């Protein structure tokens, strides 16, 4: 069985990894794409979206809520209720604001963009990009805030372990 000390650290690592992923899109990637030629931005985003489904991304995105919940359960079992609550809240916040938003909003947007043929007209490409980028960034900021809050709750949970 995984040590009671390793579970909280694994929770912190995974939560911080997914927060960092969403945060990087907020503070650099999307701003860079917005500054680029819109046809290039569409093509680059299509390529990035196609490449993100990989074994490196899988643990941070899919296993974060699972490991947080397992950690919470292990802490509750050891009567570390205050710490367990923090990990359980972190799992819920990430599941709702990170995982679910991605599955219900960002992924469908990405799939729709994948079907777009890049127009020759710069104005047409700009219109496609703006109609994608603005809402996508809003929802990505929601994911980043939720994931950042999950990291904070995980850190507070670590501090509360007796």
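The values are calculated or read from the model by the stated rules, or taken from the named source; none is laboratory data. Everything numeric in this text was worked out from a predicted model, so none of it was measured. Glycine gets a Cβ as well: all are built from the backbone with ideal geometry, and neighbour counts include every protein chain shown.
Based on this model, can you work out whether residue 122 counts as within 13 Å of the chain's Cα centre (by Cα) and at negative phi? No.
Remark: residue 30 falls outside the filter, which requires a residue to be crowded, with 20+ Cβ neighbours inside 10 Å and assigned to a helix (DSSP H, G or I).
Could you please let me know if residue 76 is at pLDDT 95 or above and closer than 20 Å to residue 24 by Cα? No, not satisfied.
Of the residues screened, residue 14 is one that is farther than 17 Å from residue 140 by Cβ, buried (at least 19 other Cβ atoms within 10 Å of the Cβ) and within 14 Å of the chain's Cα centre (by Cα). Within the option set 4, 50, 39, 35, being modelled with pLDDT of 95 or more and surrounded by 14 or more Cβ atoms within 10 Å (Cβ to Cβ) holds for one residue only, 39.
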